[in-house]
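Here's the structure we're looking at; comments come further down.
The values are calculated or read from the model by the stated rules, or taken from the named source; none is laboratory data. All figures in this text were calculated on a predicted structure; none of them were measured in a lab. Every residue, glycine as well, gets a Cβ built from its backbone with ideal geometry; the counts of neighbours run over all protein chains shown.
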Amino acid sequence: MLLGFSLEPRWAALEAERSRRTSADLTRMVLGMLKEGEEFNSWMSRSWSNLLSDQTYARDPATGETFRLYKESFDTGSFWRDPVFGGVLGTVERGGRLEELLGQAGWRRLEESLSGLPGTWR
């Protein structure tokens, strides 16, 4: 019976290649998880830092310009930008009469984020 059993010489090479691919896939997965964790920690530290220093990022959706503005952490108002001169008016009460008048006059509401808007920190 042992004389009828023989090993294929290619099996060792095929098994080594399979093992290499598996190892490379696992390494890629672990590196991806580490990168995601690092990005999350960076985002979280930036958000807390801005919250504690009463700052926020704001972007004009029409022009793409980004500003880093002072805003107290408990303030829920929004920032608006003058379309003619480019001035920024801050902490306008949401849902108030002033917000309605600014919208009618052509002012643009700025997008806000404590952690930064895409493209503002890299």
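In the stretch 59-68, is there at least one residue being at positive phi and exposed (fewer than 11 other Cβ atoms within 10 Å of the Cβ)? Yes: one or more hits.
The sole residue among Ser45, Ser19, Ser6, Ser49 that is part of a helix (DSSP H, G or I), hydroxyl-bearing (Ser, Thr, Tyr), at pLDDT below 85 and out of contact with any Ser or Thr (no Cβ under 9 Å at 6 or more places or on another chain) is Ser49.
Whether a residue is without any contact (Cβ under 8 Å) to a residue 12 or more places away in the chain, basic (Lys, Arg) and surrounded by 10 or more Cβ atoms within 10 Å (Cβ to Cβ) was assessed, and Arg97 does not pass this test. One residue stands out in the stretch 76-92 among those that are within 23 Å of the chain's Cα centre (by Cα) and not in a strand (DSSP E or B): the one that is farthest from Pro61 (Cα to Cα), namely Thr76. If the condition is being touching a strand residue (DSSP E or B) at 6+ places or on another chain (Cβ under 7 Å) and of a type in the set (S, T, N, Q), then the stretch 27-78 contributes Asn50, Gln55, Thr56, Thr66, Ser78. Within the stretch 52-74, the set of residues being at pLDDT 85 or above and either touching a Pro at 6+ places or on another chain (Cβ under 8 Å) or of a type in the set (A, V, I, L, M, F, W, C) (or both) comprises Ala58, Ala62, Phe67, Leu69. With respect to being part of a helix (DSSP H, G or I) and farther than 12 Å from Glu112 by Cβ, Glu38 fits the description.
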